[in-house]
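Laboratory data are not the source of any read-out in this text; all were calculated from the coordinates shown. Predicted, not measured: the structure shown is a model, and the values here were computed from it. Cβ placement follows ideal geometry from the backbone for every residue including glycine, while neighbour counts extend to all protein chains displayed.
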Amino acid sequence: MSGEASEFEIIRRYLAPLSANEPGAFSLTDDAAIIKPSNGCDLVIAKDALVAGVHFLKNDRPEDIARKILRVNLSDMAAMGARPVGYLLATFWPKDITTGWIERFALGLADDQKRYDISLVGGDTVKSDNDMAFSVTMFGDVRQGTQLRRNGAGVGDIVYVSGTIGDGYLGLKSSLGALPQLNAITRDYLEKRYCLPEPRIELGQRLTAYATSCLDVSDGLLADLSHISEQSGIHIDIFLKQIPVSDAAQQVLGDGMANETDLITGGDDYELAFTAPRSQSHRIQEIASDLDLQLTAIGQVKEGEAVGLIDENGTRVEVSKPGWVHF
Ligand SMILES: [Mg+2]
């Protein structure tokens, strides 16, 4: 490792300070941490690994890479309705990583720890012969019995999604140079949406009272909704024209550089998709205005299986590529 710092030195100098707010982390000086969920709560645990060139771009700012690896994991906490508490971090750094890079990475972690009120509690640092990669295990707590799952959608429920869909996909395309025509404002907006997703933590917690199913949209809206369909044993109809799209994405669509099905199959949204009974729709609107967050009804739950897509004429649309396919 260049910059002369040993693994122990890196832990002591850059990582241990990130654990200062969690007494059970023992300042990263023991073999493991000890964590208890709050009274009346269950522990919720999730892991997401991120690899350079797949989940972030090698030349992204170290601060942004740090924030993104936390945020994709925080998004899973949001999907369960959990309050995030802390995380374990494994880093796989190439041999020529500099201490300057690590310092900036730690600053990014510190920023988002503050923003989301979480602490580092442990982990491992490894030198890698391959590309840079990270693995985070995030944990949080949720009041017993109130967690959001994918399996509770009922016939007649309305399907909602938070924020706007497709920005992350277009931001990635733009970052890779595939949308050179964009003006600077549109490009910056979309690339930021890819680089720094906004986990919907507060929304998830508010939804524990009303939603019948919930997940975060990481692989593409259609693909992810198919998980709710499968786990709940129901059919979902989605109305293409109701999918919320940002002004920036609208501009890309208008210029013919992408189409609507690209946006709902693209992934990297980290918005929440959820179902709630029709009788709760005023509650959902209340949450939207409390949180100043767009929550859009995009479909409905019916008897049957799979996800159907319906265009503005009421015609069913075939989608050949439902979303990101793992392996
Ligand atoms: Mg998820």
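At a glance:
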| read-out | value |
| --- | --- |
| Anisotropy class of the stretch 138-270 from Cα gyration tensor, a/c 1.5 cut | prolate |
| For residue 35, net neighbour charge (Lys/Arg +1, Asp/Glu -1) across residues whose Cβ lies under 13 Å away | -3 |
| Sum of -39500 (n - 2.57) over DSSP H runs of 4+, divided by residues of the chain (222 nm, nearest 500) | -9500 deg cm²/dmol |
| Binned Cα-Cα distance frequencies in the chain - 10 Å width, integer % | 6, 25, 31, 24, 11, 2, 0 |
| Under-5 Å amide H pairs with residue 141, H placed in peptide plane, nonlocal only | 44, 83, 85 |
| Gaussian network model of the chain, Cα within-10 Å springs - most flexible of 85, 51, 136 | 51 |
| Rel. contact order, % - alpha carbon contacts under 8 angstrom, at least six apart, the chain | 22 percent |
| Derived scalar couplings ³J(HN,Hα) [the stretch 128-136; Karplus, 6.51 cos²θ - 1.76 cosθ + 1.60; whole Hz; x for Gly, Pro] | 10, 7, 9, 5, 5, 8, 9, 9, 10 |
| Residue of 197, 84, 17 that the Gaussian network model of the chain assigns the largest fluctuation, springs spanning Cα pairs under 10 Å | 17 |
| Environment charge of residue 212, counting only residues whose C-beta is closer than 13 Å and scoring Lys/Arg +1, Asp/Glu -1 | +3 |
| 5 angstrom amide H check on residue 128, placed H, neighbours 5+ away | 93, 95 |
| Under the Karplus curve 6.51 cos²θ - 1.76 cosθ + 1.60, θ = phi - 60°, whole-Hz ³J(HN,Hα) for the stretch 10-21, x wherever Gly or Pro sits | 5, 5, 5, 7, 10, 9, 4, x, 6, 9, 4, 8 |
| Exposed-loop-free span, longest in the chain, where trypsin sites (Lys or Arg not before Pro) count as exposed if DSSP calls them loop and at most 11 other C-beta atoms lie within 10 Å | 96-327 |
| The chain - share of DSSP beta bridges that are antiparallel (%, nearest 5) | 75 percent |
| Mean separation of Cα contacts under 8 Å, 6 or more apart, over the residue count of the stretch 186-327: relative contact order % | 41 percent |
| Alpha-carbon gyration tensor eigenvalues x 5, square-rooted, for the stretch 30-90, Å | 26, 14, 9 |
| Per-residue HN-Hα couplings for the stretch 309-318 [Karplus 6.51, -1.76, 1.60; θ = phi - 60°; Hz; x = Gly/Pro] | 10, 10, 7, 5, 8, x, 8, 6, 9, 7 |
| Cα centroid separation - the stretch 201-227 against the stretch 240-274, whole Å | 17 Å |
| At 1.567 mPa s and 4 °C, Stokes D of the stretch 1-146 from Kirkwood alpha-carbon radius, µm² per second | 83 µm²/s |
| GNM top mover of 308, 177, 204 - the chain, alpha-carbon springs below 10 Å | 177 |
| Separation of alpha-carbon centers, the stretch 178-200 and the stretch 283-323, rounded to whole Å | 24 Å |
